[in-house]
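Heads up, the thing below is written out as structure tokens.
The values are calculated or read from the model by the stated rules, or taken from the named source; none is laboratory data. Quick caveat: nothing in here was measured; it's all calculated off a predicted structure. Positions of Cβ are backbone-derived with ideal geometry, glycine not excepted, and every protein chain shown enters the neighbour counts.
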Amino acid sequence: MNIFIKAGNSKEIWEKELSNIKSKHQEMTINYGANNKDEDLSEVDILVAGRITAKELDAAKQLKAIFVPFTGVNQLPLKELKDRNISVFNSHVNAPYIAEKALALALSILGRIVELDHRLREKQWGGHDGSTLWTSLQGMKCGILGMGEIGQHIVKLLEPFNPRIVTMERYNKRPIPSKSVEFHKTAEEVCMTSDIVFISLPSTEQTNNMIDEKVLANMKGKFIVNVGRANVVNEKGLYNSLKNQTLKGAAFDVWYQYRDKEGNRSYPSQYPLHELPNFVLSPHCSAHTEGAGPRHYNDTAKKIGQYLKDKNSIREINTELGY
């Protein structure tokens, strides 16, 4: 059994985490490589990496499984992996922290924290003219689009605010940790019924543009928090609905544009969302807490150990659905 880890600067941590597995599988070999270049995967059975290039995949004739040491898998060639019957596994170990970030973003946009901070830095106090009024989360109808690990943790964190949870019927078999849950058939119905919508969905053919321009144009006075993937929400519609103040506010930790391979910086959207006072931006860092790296490595190492013992004992990504 040959394992290859695109480890970057984390080789020592991986060696520590995998030492127990190595001791139980003496025949196993572990090799390490860089994150940002093509590697020879021709004799690799298990790959630990967030990405694989077409050239690498073509050469990886005996590849059986890919372990992604974080949650997102939309950057992988899922169709090709499905055709090759290559299993994909990911890590949800940081779901509680991503949920915590979602709550922080919600409180930030509802409380106008960033906007009022910027005003006060310019000596603009506001007062009894209503210019400092903010919106409370208490008793709100909170829509949850994505009731996986992250979504369920968001619900747990919302409970002290006595929310009414609104979500889709497809989740009615999930163990939703709330006393008050209202189900609807479509994402549009969830958006129309909720005061604030939390998104923790992956990027798939089914979720892309799920909240389109039409839905956004009808979300008068509502809020959106997105810690899933940006393209779940129509980019142009988001900008227009915020600019004309149909949508009362939004806060995103996920984006439409990122730095290129050379590291050249850009704004996170082709539209000037960063200029809008009713929009809070976060640089895709929900999982970047202190200790996040070791948690990912430890969780992935455990999953590899489980896979070697019994492949069916851990949840596999559905490469057709994308999650």
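Of note:
- Positions within the stretch 72-120 being in contact with a Gly (Cβ under 9 Å, 6 or more places away or on another chain), closer than 24 Å to residue 309 by Cβ and polar (S, T, N, Q), in sequence order: 90
- Tally, over the stretch 285-323, of residues that are part of a loop (DSSP other than H, G, I, E, B) and either under 23 Å from residue 32 (Cα atoms) or of a type in the set (A, V, I, L, M) (or both): 5
- Filter result (in a helix (DSSP H, G or I) and touching a Leu at 6+ places or on another chain (Cβ under 7 Å)) within the stretch 77-111: 80, 99, 100, 103, 106, 107, 110
- Against the numbered list (1) buried (at least 18 other Cβ atoms within 10 Å of the Cβ); (2) touching a helix residue (DSSP H, G or I) at 6+ places or on another chain (Cβ under 8 Å); (3) not assigned by TED's automatic domain parsing to the domain that holds residue 302, residue 89 comes up short only at (3).
- Take the conditions (1) at pLDDT below 95; (2) buried (at least 23 other Cβ atoms within 10 Å of the Cβ); residue 264 misses just one of them, which is (2).
- Extreme residue, nearest to residue 71 (Cα to Cα), among residues of the stretch 253-304 that are of a type outside the set (Ser, Thr, Tyr) and in contact with a His (Cβ under 9 Å, 6 or more places away or on another chain): 287
- Flag if residue 99 is crowded, with 21+ Cβ neighbours inside 10 Å, in the same structural domain as residue 226 (by TED's automatic domain parsing) and not hydroxyl-bearing (Ser, Thr, Tyr): yes
- Residue count for the stretch 231-255 under the criterion of being outside any helix (DSSP H, G or I) and either crowded, with 17+ Cβ neighbours inside 10 Å or in contact with a Cys (Cβ under 8 Å, 6 or more places away or on another chain) (or both): the result is 11.
- With respect to the conditions (1) over 19 Å from residue 92 (Cβ atoms); (2) aromatic (Phe, Trp, Tyr); (3) touching a residue at least 12 places away in the same chain (Cβ under 8 Å), residue 267 lacks only one, and its number is (3).
- Just so you know, in the stretch 270-315 the residues that are acidic (Asp, Glu) and either modelled with pLDDT under 95 or not assigned by TED's automatic domain parsing to the domain that holds residue 253 (or both) include one that is farthest from residue 222 (Cα to Cα), and it is 310.
- Within the stretch 272-323, tally of residues that are loosely packed, with under 12 Cβ neighbours inside 10 Å and either touching a residue at least 40 places away in the same chain (Cβ under 8 Å) or hydrophobic (A, V, I, L, M, F, W, C) (or both): 3
- Those residues of the stretch 4-28 which are of a type in the set (S, T, N, Q) and surrounded by 14 or more Cβ atoms within 10 Å (Cβ to Cβ), in sequence order: 10
- Boolean, residue 258 is surrounded by 14 or more Cβ atoms within 10 Å (Cβ to Cβ) and aromatic (Phe, Trp, Tyr): no
- Screening residue 128 with (1) more than 23 Å from the chain's Cα centre (by Cα); (2) under 30 Å from residue 317 (Cα atoms) gives one miss only, at (2).
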